[in-house]
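This report refers to the structure that appears directly beneath it.
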Amino acid sequence: MEQKLKGLVEELEAKLSQVKNANDLNLLKAEYLGKKSVFNDLMKQLKDIPNEEKPLMGKLINEAKQQIAAKLDDAKMEMDRKLVEEKLKSEAIDVTLPGKSSNVGSKHLLSQVIEEVEDIFVGLGYTVKEGPEVESDKYNFEMLNLPKDHPARDMQDSLYISEETLLRTHTSPVQVRSLLENTNQEPMKIICPGKVYRKDDDDQTHSHQFTQVEGLVVDANATLADLKGTLLFVAQKLFGEERKIRLRPSYFPFTEPSVEVDVSCYKCGGSGCSMCGYTGWIEILGAGMVNNNVLRDAGYDPDKFQGFALGMGIERIAILKYGVDDIRAFYTNDLRFNKQFRGK
Ligand code: DAH
């Protein structure tokens, strides 16, 4: 009997070495420990052996059974351990592998400069407005003191859609729209950024589409001094606190007097360099006191209201601030260009 039991354990060990998966192992377990196992037969045979040998035999059978159970348990544990190990291996992450980089978008330089200008004016209490890019001749020209035969219309080569409709040549029509909308004739301070269009051939310094920001202040006593103070503040915010400005007389039909505004050169500080054409000054925008005809046409009494307006080119500001040497770079979406101004 003892021999037989030993044989059983050895036989199991041999079979265990052949086991390939959990199913094989379960079959083995049923074979050796299940209801129909050899051990049950052995127990049955116990009744045929002499009484005095029974306890020893019973003990030996139980010991063999326990050994087998332990070996099966060990095999199961080993199998589980191997499974986990394989899983870990197959799911292993090599933290030293270079990461996959994805393209992250960012704001276009023009949007950044528009927002910069908006922030400056909003800080001064201005409201940001919008107007349509397809505009009527009436708002784009006529109500800005530019009647049909006015020679100054030639200053802006226009793209007409029909006789009365065109792509706006400047953001100034928003002045008219804002004046008309303000039916209670409350004091107002607005700016309007937006796209404008001219019949121009595109080259390094010209584009048939570009961006302007219009500004308009109307109240009982806005003066040229207020305009000058505003312009100085804006120029210093954009180009540095040490900047000075200078106003030169100019002509725009919708303002009287009209001025062209220069900022002292931020490169040489005003002493003269190639940036400012050795003049110490750089032109940045046009402005003036709102022409009485514009106020009158929009229903405002020029004896009770006055105001100032300004218009600046966003591309020009961006070109000056960031050293862009070709206006077309703003529109061609070359990522090498755009990426340079990430997070500015
Ligand atoms: N609309 C003018 C242009 O496109 C710019 C301008 C000049 C706007 C003077 C103004 C202004 O409001 O007062 O050339």
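The values are calculated or read from the model by the stated rules, or taken from the named source; none is laboratory data. Computed from a predicted model, the values in this text were never measured in an experiment. Here the Cβ is made from the backbone with ideal geometry for all residues, glycine too, and neighbour counts use every protein chain on show. Remember, those area values only see protein heavy atoms, side chains included, never the ligands or the DNA or RNA. Shrake-Rupley method; radii C 1.70, N 1.55, O 1.52, S 1.80 Å.
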Near LYS237, which lysines are there with a Cα under 27 Å away, not counting those fewer than 8 places off in the same chain?
LYS107, LYS129, LYS189, LYS195, LYS228, LYS267, LYS321, LYS339, LYS344
Sorted by mean Cβ packing within 10 Å, highest first, what order do the peptides 328-339, 191-202, 80-91 take?
191-202, 328-339, 80-91
What whole-number value in Å² describes the accessible area per residue of the range 109-339 for a 1.4 Å probe?
47
State, to one decimal in nm, how far the label point of THR127 lies from the label point of GLU163, with both points 7 Å from Cα in the Cβ direction.
3.6
Using alpha carbons only: equivalent-ellipsoid semi-axes of the range 32-138, gyration tensor based, whole Å
90, 17, 14
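To two decimal places, what compactness ratio does the chain give when its Cα radius of gyration is scaled by 2.2 N^0.38 Å?
On the way: Rg = 44.4 Å, N = 344, 2.2 N^0.38 = 20.2 Å.
Normalised Cα radius of gyration, the chain: 2.19.
Contact order normalised by length for the range 104-189, with contacts defined as Cα pairs under 8 Å and 6 or more residues apart; what percent is it?
Values: 67 pairs, mean separation 26.8, N = 86.
This gives 31 percent for the range 104-189.
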If the chain between TYR331 and ASN26 were fully stretched, how many nm would it gain, using 0.36 nm times the residue separation less the Cα-Cα distance?
102.7 nm
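If N is the number of residues in the range 221-344, what value comes out of its Cα radius of gyration divided by 2.2 N^0.38 Å? Write out the running numbers ahead of the final one.
Numbers: Rg = 17.3 Å, N = 124, 2.2 N^0.38 = 13.7 Å.
In units of the 2.2 N^0.38 Å rule of thumb, it is 1.26.
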Would you pull out the residues with amide H under 5 Å of THR255's amide H, same chain only if 5 or more places away, H placed 1.01 Å from N?
ASN291
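Report the net charge of residues surrounding ARG296, where surrounding means a beta-carbon distance below 12 angstrom and charges are Lys +1, Arg +1, Asp -1, Glu -1. Show your work: numbers first, answer last.
Numbers: positive: LYS304; negative: ASP297, ASP301, ASP303.
Computed value for this residue: -2.
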Run the numbers on the chain and let me know its relative contact order in percent, using alpha-carbon pairs under 8 Å that are six or more apart.
15
In terms of Cα to Cα distance under 16 Å, which aspartates and glutamates are near enough to LYS65, apart from those fewer than 8 places away along the same chain?
GLU2, GLU10, GLU11, GLU13, GLU31, ASP41, ASP73, ASP74
Nearest 10, in degrees from 0 to 90: the angle of helix 2-18 to the longest Cα principal axis of the chain is 30
Under the Karplus relation 6.51 cos²θ - 1.76 cosθ + 1.60, θ = phi - 60°, what is the ordered set of whole-Hz ³J(HN,Hα) values for the range 90-106, x standing for Gly and Pro?
6, 9, 4, 10, 8, 6, 8, 5, x, x, 8, 8, 10, 6, 9, x, 8
Tell me the angle of helix 224-239 to the major Cα principal axis of the chain, expressed in degrees between 0 and 90 and rounded to the nearest ten.
30
For CYS265, what residues show an amide H to amide H distance below 5 Å, using hydrogens built from the backbone and excluding near sequence neighbours?
GLY270, TRP281, ILE282
